[in-house]
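First up is the structure itself, then whatever we jot down about it.
The values are calculated or read from the model by the stated rules, or taken from the named source; none is laboratory data. Keep in mind that what you see is a predicted model, and the values were worked out from it rather than measured. Counting neighbours? That spans all protein chains shown, and the Cβs are built from the backbone with ideal geometry, glycine included.
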């Protein structure tokens, strides 16, 4: 055993473990509203900018295109989004929020904010910003 490497002190391991735990907690918070964390991510991107293409949503949510298509099909069945061909390029599907999808923001954001506040208990704004900065640089280094 290599005494020079501790999994519990590995940034990748700790970040992954934390991300998995945050996702599981978010799933519990969103379950009563019938939305998964993956659907939440897509809805968030559309709340930021409605009318994105499926490819843009896949890229911005770090999902592969087939998984994105499945997520969108579920959101469509729930009445939260619609998909239609881009008038400028009919090969591209544009995704738009429905009124119901826009209205979900007021229902879904509060429990997500409460979860984040709980997760960040004892962490100052400065520490949070520093962590985001450091993780952003680590992410950029992997390009």
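How many residues are more than 15 Å from the chain's Cα centre (by Cα) and in contact (Cβ under 8 Å) with a residue 60 or more places away in the chain when one looks only at the stretch 24-57?
1
Please tell me if residue 135 is surrounded by 12 or more Cβ atoms within 10 Å (Cβ to Cβ), out of contact with any helix residue (DSSP H, G or I) (no Cβ under 6 Å at 6 or more places or on another chain), assigned to a helix (DSSP H, G or I) and in contact (Cβ under 8 Å) with a residue 60 or more places away in the chain.
Yes; evaluated as a whole, the condition is true for this residue.
Can you tell which of 60, 102, 118, 83 is surrounded by 15 or more Cβ atoms within 10 Å (Cβ to Cβ), in a helix (DSSP H, G or I), at pLDDT 95 or above and more than 16 Å from the chain's Cα centre (by Cα)?
102
Across the stretch 106-115, which residue is surrounded by the most Cβ atoms within 10 Å (Cβ to Cβ) among those that are in contact (Cβ under 8 Å) with a residue 60 or more places away in the chain and closer than 18 Å to residue 39 by Cβ?
Residue satisfying both the conditions and the ranking: 108.
If I ask for residues that are part of a helix (DSSP H, G or I), under 24 Å from the mean Cα position of the chain (by Cα) and free of Cβ contacts under 8 Å to residues at least 24 places away in the same chain, which ones from the stretch 1-23 would you list?
Passing the criteria: 12, 13, 14, 16, 17, 18, 19, 20, 21, 23.
Condition (residue is assigned to a strand (DSSP E or B) and either touching a strand residue (DSSP E or B) at 6+ places or on another chain (Cβ under 6 Å) or closer than 22 Å to residue 99 by Cβ (or both)) applied to the stretch 32-50: is it met by at least one residue?
Going residue by residue through the stretch 32-50, those that are assigned to a strand (DSSP E or B) are none.
No, there is no match, as no residue in the stretch 32-50 is assigned to a strand (DSSP E or B) and either touching a strand residue (DSSP E or B) at 6+ places or on another chain (Cβ under 6 Å) or closer than 22 Å to residue 99 by Cβ (or both).
Quick check, is residue 26 closer than 30 Å to residue 93 by Cα and either in a helix (DSSP H, G or I) or in contact with a helix residue (DSSP H, G or I) (Cβ under 9 Å, 6 or more places away or on another chain) (or both)?
Spelling it out, residue 26 is indeed closer than 30 Å to residue 93 by Cα and either in a helix (DSSP H, G or I) or in contact with a helix residue (DSSP H, G or I) (Cβ under 9 Å, 6 or more places away or on another chain) (or both).
Do we have residue 69 as surrounded by 15 or more Cβ atoms within 10 Å (Cβ to Cβ), out of contact with any strand residue (DSSP E or B) (no Cβ under 6 Å at 6 or more places or on another chain), modelled with pLDDT of 95 or more and assigned to a helix (DSSP H, G or I) here?
Against the criterion (surrounded by 15 or more Cβ atoms within 10 Å (Cβ to Cβ), out of contact with any strand residue (DSSP E or B) (no Cβ under 6 Å at 6 or more places or on another chain), modelled with pLDDT of 95 or more and assigned to a helix (DSSP H, G or I)), residue 69 qualifies.
Taking the condition of being modelled with pLDDT of 95 or more and either surrounded by fewer than 13 Cβ atoms within 10 Å (Cβ to Cβ) or farther than 22 Å from residue 61 by Cβ (or both), how many residues in the stretch 89-99 meet it?
1
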